[in-house]
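Undergrad: Mind looking over this structure? Questions follow.
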Amino acid sequence: NAGVTQTPKFQVLKTGQSMTLQCAQDMNHNSMYWYRQDPGMGLRLIYYSASEGTTDKGEVPNGYNVSRLNKREFSLRLESAAPSQTSVYFCASSEGRGTPRETQYFGPGTRLLVL
Amino acid sequence: DQQVKQNSPSLSVQEGRISILNCDYTNSMFDYFLWYKKYPAEGPTFLISISSIKDKNEDGRFTVFLNKSAKHLSLHIVPSQPGDSAVYFCAASVRGAQKLVFGQGTRLTINP
């Protein structure tokens, strides 16, 4: 039982390049989330998916797109990377329909550097 | 606009003593609060939570206190152990809202 897995662990991009961060969970959770963590800023919600087939914007969605491929997988895409997107990205999942009272389980993170 | 603030970036405590981590919030609509713990190169893990209808919640060595009038919560760890060295995030949510709002985090170091 791996929980929440993320790939890649680390990535370096040049400005303007695109990439997709992958996330998968094996806990049969309905809700999934993407956060970014920046020094002095805590974790900020980028996008979330309350259930398969639905996605909604969080606090900082600009420059990102997401796809809830199926119940297990939730990907985050950067179409044209910018240095401001240098960050650590965390994927998380929770059991129900996204009520924050549920525990969110986090993946180990993807460290992204945009030059 | 930082709605959840952890004003101490770091805290150092001797092993066996009490660690107190603080968190302030500005949004009076927050009604559920959580603490997460994060080790280096790992994702955050849930530690303890409290609903606004309570003023205290205890789980083993960890106790969270909520002072709604002061819009302040704190996490007490007693006794502190070396394995408690980590970054601690407080988070809050509004009833019915999807997202958690996180504080900046406090790095706790437990010294032997």
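The values are calculated or read from the model by the stated rules, or taken from the named source; none is laboratory data. Keep in mind that what you see is a predicted model, and the values were worked out from it rather than measured. Using ideal geometry, Cβ is built from the backbone for each residue, glycine included, and neighbour counts are taken over all protein chains shown. Please note that ligands, DNA and RNA were not included when accessible areas were found on the heavy atoms of the full protein model with its side chains. Shrake-Rupley method; radii C 1.70, N 1.55, O 1.52, S 1.80 Å.
Undergrad: How many square angstrom of accessible surface are buried between A and B, both sides summed, with a 1.4 Å probe and rounding to 100? Spell out each step's value before the answer.
TA: Values: alone 6140 and 6270 Å², together 10630 Å².
Accessible area lost upon association: around 1800 Å².
Undergrad: To continue, here is another question. Output the relative contact order of chain A, whole-number percent, from Cα pairs under 8 angstrom with separation of 6+ residues.
TA: Numbers: 308 pairs, mean separation 41.1, N = 115.
For chain A, the relative contact order is 36 percent.
Undergrad: Under 14 Å from the Cβ of residue A:73, count the other residues' Cβ atoms, weight Lys and Arg +1, Asp and Glu -1, and hand me the total. Display every interim value, and only then the final one.
TA: Working: positive: A:68, A:71, A:72, A:77; negative: A:26, A:52.
Taking every Cβ under 14 Å from that of residue A:73, the sum is +2.
Undergrad: Another one. List the residues of the range B:62-110 whose accessible area drops by at least 50 Å² when all protein chains are present, compared with their chain alone, using a 1.4 Å probe and counting only protein heavy atoms.
TA: Buried-area filter returns B:98, B:99, B:100, B:102.
Undergrad: Can you send over the carbon and sulfur percentage of the accessible area for the range B:1-80, probe radius 1.4 Å, protein chains only? Mind showing how you got there, number by number?
TA: Details: 2030 of 4200 Å².
Summing carbon and sulfur atoms, their accessible area is 48 percent of the total for the range B:1-80.
Undergrad: Next question, about the same structure. Considering every pair of different Cα atoms, what Kirkwood radius, in Å, is found for the range A:15-72?
TA: Details: mean 1/r = 0.0801 Å⁻¹.
Evaluated over the range A:15-72, this radius sits at 12.5 Å.
Undergrad: State in Å² the accessible area per residue of chain A; use a 1.4 Å probe, count heavy atoms of protein chains only, and round to the nearest integer.
TA: On the way: 5240 Å² over 115 residues.
On a per-residue basis, chain A sits at 46 Å².
Undergrad: When chain A is treated as a GNM, springs tying every alpha-carbon pair under 10 Å, which of A:42, A:53, A:96 comes out with the largest mean-square fluctuation?
TA: In this elastic network of chain A, the residue with the biggest mean-square fluctuation among A:42, A:53, A:96 is A:42.
Undergrad: What pairs from A:57/B:99; B:37/B:71; B:38/B:71; B:5/B:99; A:57/B:68; B:5/B:68 go past 19 Å between their alpha carbons?
TA: Working: A:57/B:99 10 Å; B:37/B:71 21 Å; B:38/B:71 24 Å; B:5/B:99 16 Å; A:57/B:68 29 Å; B:5/B:68 15 Å.
Correct reply: B:37/B:71; B:38/B:71; A:57/B:68.
Undergrad: Counting only heavy atoms of protein chains, what accessible area per residue, in Å², does the range B:13-85 have with a probe of 1.4 Å?
TA: Details: 3600 Å² over 73 residues.
I get 49 Å² per residue for this part.
Undergrad: With an 8 Å cut-off on Cα pairs and a minimum separation of 6 or more residues, tell me the relative contact order of chain B in percent.
TA: Values: 273 pairs, mean separation 41.9, N = 112.
Averaging sequence separation for qualifying contacts and normalising by length gives 37 percent for chain B.
Undergrad: Take chain A, connect every pair of alpha-carbon atoms lying under 10 Å apart with a spring to form a Gaussian network, then pick out the residue of A:82, A:24, A:50 with the largest mean-square fluctuation.
TA: Ranking A:82, A:24, A:50 by mean-square fluctuation puts A:82 first.
Undergrad: Also: Sort the range B:1-91 into rounded, prolate or oblate with this rule: let a ≥ b ≥ c be the square roots of the eigenvalues of the Cα gyration tensor; rounded if a/c is under 1.5, and if a/c is not under 1.5, prolate when a/b is larger than b/c, oblate otherwise.
TA: Values: a/c = 1.75, a/b = 1.44, b/c = 1.22.
The shape class here is prolate.
Undergrad: Who wins for biggest fluctuation among A:61, A:83, A:39 in a Gaussian network model of chain A, springs between alpha carbons below 10 Å?
TA: Comparing A:61, A:83, A:39 in the GNM, the peak value goes to A:39.
Undergrad: Tally Lys and Arg at +1 and Asp and Glu at -1 over the other residues with C-beta under 10 Å from the C-beta of residue A:101: what net charge comes out?
TA: Working: positive: B:95; negative: A:102, B:31.
It works out to a net charge of -1.
Undergrad: Same structure again: Please give the average number of partner chain Cβ atoms lying within 10 Å of the Cβ of each residue in A:44-50, rounded to a whole number.
TA: Values: counts 4, 5, 0, 0, 3, 0, 1.
The per-residue average across the peptide is 2.
Undergrad: OK, next. Assuming R0 = 35 Å, what is the FRET efficiency of residue A:80 and residue B:97, from their Cβ-Cβ distance, to the nearest 0.05? Provide the component values of the computation, followed by the final result.
TA: On the way: r = 30 Å, r/R0 = 0.87.
In this case the efficiency is close to 0.70.
Undergrad: Could you please tell me the mean projected area of the C-alpha convex hull for the protein assembly as shown, averaged over all directions and given in square nanometres to one decimal? The partial results should precede the final answer.
TA: On the way: hull surface 49.2 nm².
The number I arrive at for the protein assembly as shown is 12.3 nm².
Undergrad: Go through the range A:71-114 and flag every residue whose accessible area shrinks by 50 Å² or more with all protein chains in place compared to the isolated chain (probe 1.4 Å).
TA: Relative to the lone chain, where solvent access is computed with a 1.4 Å probe, the range A:71-114 loses at least 50 Å² at A:100, A:101, A:106.
Undergrad: When the accessible area of the range A:1-82 is split by element with a 1.4 Å probe, what percent falls to carbon and sulfur?
TA: Values: 1770 of 3920 Å².
Ligands and nucleic acids excluded, carbon and sulfur reach 45 percent.
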